[in-house]
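S.K.: Input: one structure, supplied below.
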Amino acid sequence: MAVIAGNWKMYKTRSEALAYVQEFGPLVANTDREVVLCAPFTALATLAEKLPATGIALGAQNVHWEAEGAYTGEISPPMLTDLGVQYVIIGHSERRQYFGETDERVNLRLKAAQRYGLTPILCVGETLEQREQGLTEAHILAQLAQALVGVNVSRLIIAYEPIWAIGTGNTCPAEEANRVIGLIRKEVTLLQQVAQQTPDRVQILYGGSVKPDNIDELMAMPEIDGVLVGSASLDPHSFARIVNYQPVA
Ligand code: PGA
C-alpha cells in the first residue's frame, strides 16, 4: 500500500490541527492509501482523539532513544505510543542540519522506535554540493550503513529526500528519484539477506517539493512507494490532491 506522509514541521497549533482534520478527513475518506500526519508534539494528543474515526495514522517528527530519564526537553518512545502514535520521522535533514543530528543518534532512535513498536521513517539524502561532486550514492550508502546497524530493516520506511529539493520547489526529476530509490532498495535487500530476514519489500518514499502537480508522475515510478510531503501537506486541499494521486500511464 502506498504511504503518503505529511510532515508538518513546526506548524499548526491544536486548534489549527483540528480545523485541518475536519476539512481533510472527508477529502481522503475513500482512499486505500496509508495516510500519515506527522505533527508537532504539542498537537499529537489532540489529533489522537480525532484521527481514529478518519483512518488517518498519526506520526511524530522525532523521538529520544531512552524510555525515560533525566533528558530535559525530550520525548520518549512509550510517551508517543501511549498517545496512539504509530510512525516517527527519524534523521530528517533539518534535524541533521540545525540540531546536530548524527548517524549514530539516528541509529539509537531507530532501534528504540522499533523496540516500542513505532514504525520509523528514516530520512536520507545528499546536499547539492555532494550531488555536484558525484558523491550522491556514496553518501547515501554511508548514511544507511551507519543508521541501520542492529536495525530490523524489514520494519521501517525509508524516505529519500535530496536536501536540495526540500522546501525549494526544485523537485528531483521522477526518473532520478526512481534511480536513487532503486539503489537504496538494492542495499536494503542485501542487508535483509545478510540478516537472513524475509525479503519483504521495504517501503521507500520520495520527499522534496512534492506538490499536486508532480505527484502523479512521481507515483508512476516503479521504485517509489509513496511520498513524504512538507509544505504541500499544510493545506488540506493540496495534501488531499496528493493522497488522491492518479499515476500517469
Ligand atoms: P517539502 O519538505 O515538501 O516542503 O520540500 C519535505 C520534507 O522536508 O520532508
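Laboratory data are not the source of any read-out in this text; all were calculated from the coordinates shown. None of these values were measured; they are calculated from a predicted model. Glycine also receives a Cβ, built like all others from the backbone with ideal geometry; neighbour counts cover every protein chain displayed.
S.K.: Normalized C-alpha radius of gyration of region 160-214, against 2.2 N^0.38 Å?
M.R.: Details: Rg = 13.5 Å, N = 55, 2.2 N^0.38 = 10.1 Å.
For region 160-214, the normalised Cα radius of gyration comes out at 1.34.
S.K.: Please report the spacing between the Cα centers of region 4-30 and region 53-103 in Å, no decimals.
M.R.: Each part's Cα centre sits 18 Å from the other's.
S.K.: Enumerate the lysines that Lys12 could reach by cross-link, defined here as Cα to Cα under 18 Å, with residues fewer than 8 away along the same chain left out.
M.R.: Lys50
S.K.: Could you tell me which of Tyr206, Asn152, Met79 has its Cα farthest along the dipole of the chain towards the positive end, charges placed at Cβ (Lys, Arg +1; Asp, Glu -1), taken about the Cα centre?
M.R.: Towards the positive end, the residue furthest out is Met79.
S.K.: To continue, here is another question. Relative contact order for region 3-243: what percent, with Cα pairs under 8 Å and sequence separation of 6 or more?
M.R.: Working: 454 pairs, mean separation 49.6, N = 241.
Relative contact order here is 21 percent.
S.K.: Modelled label-to-label distance, Glu137 and Leu183, 7 Å Cα→beta-carbon offset: nm?
M.R.: Taking the simple label geometry, Glu137 and Leu183 are separated by 0.6 nm.
S.K.: Quick check for me: using +1 on Lys/Arg Cβ and -1 on Asp/Glu Cβ, what's the dipole size of the chain about its Cα centre, in debye to the nearest 20? Walk me through the numbers before you get to the answer.
M.R.: Working: 19 positive and 28 negative charges, 78 e Å.
Charge dipole, the chain, about its Cα centre: 380 debye, nearest 20.
S.K.: Considering the Cα trace of region 85-129, what is its radius of gyration and what is Dmax, both in angstroms?
M.R.: Computed over the Cα atoms of region 85-129, radius of gyration and Dmax are 11.1, 37 Å.
S.K.: In addition: With only alpha-carbon pairs counted, each pair once and no self-pairs, how large is the Kirkwood hydrodynamic radius of region 6-120 in angstroms? List each step's numbers first, then the result.
M.R.: On the way: mean 1/r = 0.0683 Å⁻¹.
Kirkwood hydrodynamic radius for region 6-120: 14.6 Å.
S.K.: Follow-up question, since we're still on this one. Compare the Cα positions of Ala112, Val3, Leu191 along the charge dipole of the chain (+1 at Cβ of Lys, Arg; -1 at Cβ of Asp, Glu; about the Cα centre) and return the one farthest towards the positive end.
M.R.: Final value for the positive-end residue is Ala112.
S.K.: I need the calculated FRET efficiency for the pair Gln22 and Ala220, taking r as the beta carbon distance and R₀ as 22 Å, to the nearest 0.05.
M.R.: On the way: r = 31 Å, r/R0 = 1.43.
Efficiency computed from Cβ-Cβ geometry: 0.10.
S.K.: How big is the C-alpha Rg of region 180-249 next to the rule-of-thumb value 2.2 N^0.38 Å, as a ratio? Let's see the in-between values first.
M.R.: Values: Rg = 14.4 Å, N = 70, 2.2 N^0.38 = 11.1 Å.
Here the Cα radius of gyration is 1.30 times the empirical estimate.
S.K.: Can you bin every Cα-Cα distance in region 3-243 into 5 Å intervals starting at zero and give me the percent of pairs per bin, rounded to whole numbers?
M.R.: 1, 7, 15, 19, 20, 18, 12, 6, 2, 0
S.K.: Hey, what do the phi angles of region 46-54 turn into as Karplus ³J(HN,Hα) couplings, whole Hz, using 6.51/-1.76/1.60 and θ = phi - 60°, x for Gly and Pro?
M.R.: In residue order, the calculated couplings are 5, 5, 4, 6, 9, 5, x, 6, 9 Hz.
S.K.: Can you work out the Karplus-derived ³J(HN,Hα) for every residue in region 204-217? Use 6.51 cos²θ - 1.76 cosθ + 1.60 with θ = phi - 60°, whole Hz, and x for glycine or proline.
M.R.: 10, 9, 10, x, x, 6, 6, 9, x, 8, 10, 5, 5, 5
S.K.: I've got another one for you. Specify the residue with the greatest mean-square fluctuation among Ser15, Ser233, Ser93, computed from a Gaussian network of the chain linking alpha-carbon atoms under 10 Å apart.
M.R.: Of the options given, Ser15 has the highest mean-square fluctuation.
S.K.: A follow-up question, please. Reported to two decimal places, what Rg/Rh ratio describes region 61-161 when computed on Cα atoms with Rh from the Kirkwood expression?
M.R.: On the Cα set of region 61-161, Rg over Rh gives 0.99.
S.K.: At 222 nm, what value in deg cm²/dmol follows for the chain if DSSP H runs of at least 4 each add -39500 (n - 2.57) and the sum is divided by all its residues, to the nearest 500? Each step should come with its number before you reach the end.
M.R.: Values: 10 runs with 101 residues, N = 249.
Only helices count here, giving -12000 deg cm²/dmol.
S.K.: Shifting gears a bit: Applying the Karplus parametrisation 6.51 cos²θ - 1.76 cosθ + 1.60 with θ = phi - 60° to the phi angles of region 104-115, what ³J(HN,Hα) value in whole Hz is obtained for each residue in order, glycine and proline being reported as x?
M.R.: 5, 6, 4, 4, 4, 5, 4, 5, 5, 4, 5, 4
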